[in-house]
Amino acid sequence: MNILIIEDEKPNANRLIKLLAELREDVHIMGVLGSVEESVNFLTQHPHPDLILMDIRLGDGLCFEIFPKVELHCPVIFTTAYDEYALRAFKIYSLAYLLKPVEKAELKEALSMYDHIIQETNPNKALDQLVDYIKSKSVIYRSRFLLPYKDGYKTILVSSIDYIYSEHKITHLVLDDQTDLIVPFTMDELEDQLDPVCFFRANRQHMIHINSIYSIHNYFNGKLKVILKNPLSGEIIISKEKSGQFKAWLDR
């Protein structure tokens, strides 16, 4: 069983190695990586492991920056000291979300879950099982916002949002009637709170609702340009790295 550890703190990495050795005789540690850049380089140049144990806050950023750059072919067990990333983690094909210090019993249970899913001889069927397992997790996404309005408040339904954009570190909701509202959330926070079936994070500045799209065009260097039904100052460009993910999102 080939396992890759992505963890930037040596004591935590050593603890994982020790626990794995106690739990499994067949474990081979392919390496310990401490940054997003190291992880991307390794995963693009080497065969993928059977399983990855991954910390979330790495030396040069959050581990979520890895996934748009690498198409993983294995499940992930997240190991972190922070619980606020759990929803975002479960959008990726994660088996478990373990809080540090990782307990032996919890890691054992996560490995048993891996064994149960991968026990089928047909790899495609095993992957389908993994996807079904992740989709079965109960996730409740935001359906409305309560925002200050004049001397009180007003409720904004998520279904009325056309797109979201960030400008000068301020996040705006643009509604289907072209109303522009400021919300006290970052784009990363909204990406966790909104249903990924309906919303797609096109780039760092824009998140779009699937019903807001008017047309999609090929752009240079494998990029895509998205035109929305409502006017938008500037263009929404989707990078070459995210274009495949975007097409898959549209084709569900």
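The values are calculated or read from the model by the stated rules, or taken from the named source; none is laboratory data. Keep in mind that this is a model prediction, so the values were computed, not measured. Glycine also receives a Cβ, built like all others from the backbone with ideal geometry; neighbour counts cover every protein chain displayed. The area values use the complete protein model at the heavy-atom level, side chains included, leaving out ligands, DNA and RNA. Shrake-Rupley method; radii C 1.70, N 1.55, O 1.52, S 1.80 Å.
Pairs needed: first member in the range 20-48, within 12 Å of GLU71 (Cα to Cα); second member anywhere, loosely packed, with under 14 Cβ neighbours inside 10 Å; C-beta distance under 6 Å; at least 6 residues apart or different chains.
Pairs that qualify, where the first residue is within 12 Å of GLU71 (Cα to Cα) and the partner is loosely packed, with under 14 Cβ neighbours inside 10 Å, are HIS48/HIS73.
Starting from residues that are surrounded by fewer than 16 Cβ atoms within 10 Å (Cβ to Cβ) and at pLDDT 70 or above, keep the ones in the range 107-139 and report whichever is farthest from LEU53 (Cα to Cα).
Applying the filter and picking the extreme gives HIS116.
Considering only strands (runs of 3 or more DSSP E) fully contained in the range 147-252, which possess at least 2 residues that are among the aliphatic types (A, V, I, L, M) and under 30 Å from ALA86 (Cβ atoms)? Walk me through how you get there before you give the answer.
Values: elements: 152-157, 161-167, 170-175, 180-183, 199-201, 206-209, 213-218, 224-228, 236-238.
Passing ranges, in order: 152-157, 161-167, 170-175, 180-183, 206-209, 236-238.
Please go through the range 51-76 and pick out each residue that is surrounded by fewer than 17 Cβ atoms within 10 Å (Cβ to Cβ) and more than 13 Å from the chain's Cα centre (by Cα).
Matches in the range 51-76: ARG57, GLY59, ASP60, GLY61, HIS73.
Could you identify the single residue in VAL183, VAL197 that is open to solvent by 70 Å² or more (accessible area, probe 1.4 Å), within 16 Å of ARG142 (Cα to Cα) and out of contact with any Asp or Glu (no Cβ under 9 Å at 6 or more places or on another chain)?
VAL197
Can you tell me which of SER35, SER94 is modelled with pLDDT of 90 or more, over 13 Å from LEU111 (Cβ atoms) and open to solvent by less than 50 Å² (accessible area, probe 1.4 Å)?
None of the others qualify; the one that does is SER35.
Looking at HIS206, is it surrounded by 13 or more Cβ atoms within 10 Å (Cβ to Cβ) and either within 24 Å of GLY61 (Cβ to Cβ) or at pLDDT 90 or above (or both)?
Yes: the conditions hold for HIS206.
On the given criteria, is ARG88 surrounded by 13 or more Cβ atoms within 10 Å (Cβ to Cβ), within 26 Å of PHE246 (Cα to Cα) and charged (D, E, K, R)?
Yes, satisfied.
Could you list all residues from the range 1-14 that are farther than 17 Å from ARG57 by Cα and buried (at least 18 other Cβ atoms within 10 Å of the Cβ)?
Across the range 1-14, the qualifying residue is only ILE3.
State yes or no: is ASN14 outside any strand (DSSP E or B), modelled with pLDDT of 90 or more, over 27 Å from ALA105 (Cβ atoms) and out of contact with any strand residue (DSSP E or B) (no Cβ under 8 Å at 6 or more places or on another chain)? Walk me through how you get there before you give the answer.
Working: outside any strand (DSSP E or B): yes; modelled with pLDDT of 90 or more: yes; over 27 Å from ALA105 (Cβ atoms): no; out of contact with any strand residue (DSSP E or B) (no Cβ under 8 Å at 6 or more places or on another chain): yes.
The answer is no for ASN14.
Need pairs with beta-carbon distance below 6 Å; first residue over 22 Å from LYS100 (Cβ atoms) and touching a residue at least 40 places away in the same chain (Cβ under 8 Å) and within the range 65-77, second among the β-branched types (Val, Ile, Thr) and assigned to a loop (DSSP other than H, G, I, E, B); sequence gap 6+ or separate chains.
Between residues of the range 65-77 that are over 22 Å from LYS100 (Cβ atoms) and touching a residue at least 40 places away in the same chain (Cβ under 8 Å) and residues that are among the β-branched types (Val, Ile, Thr) and assigned to a loop (DSSP other than H, G, I, E, B), there is no close pair.
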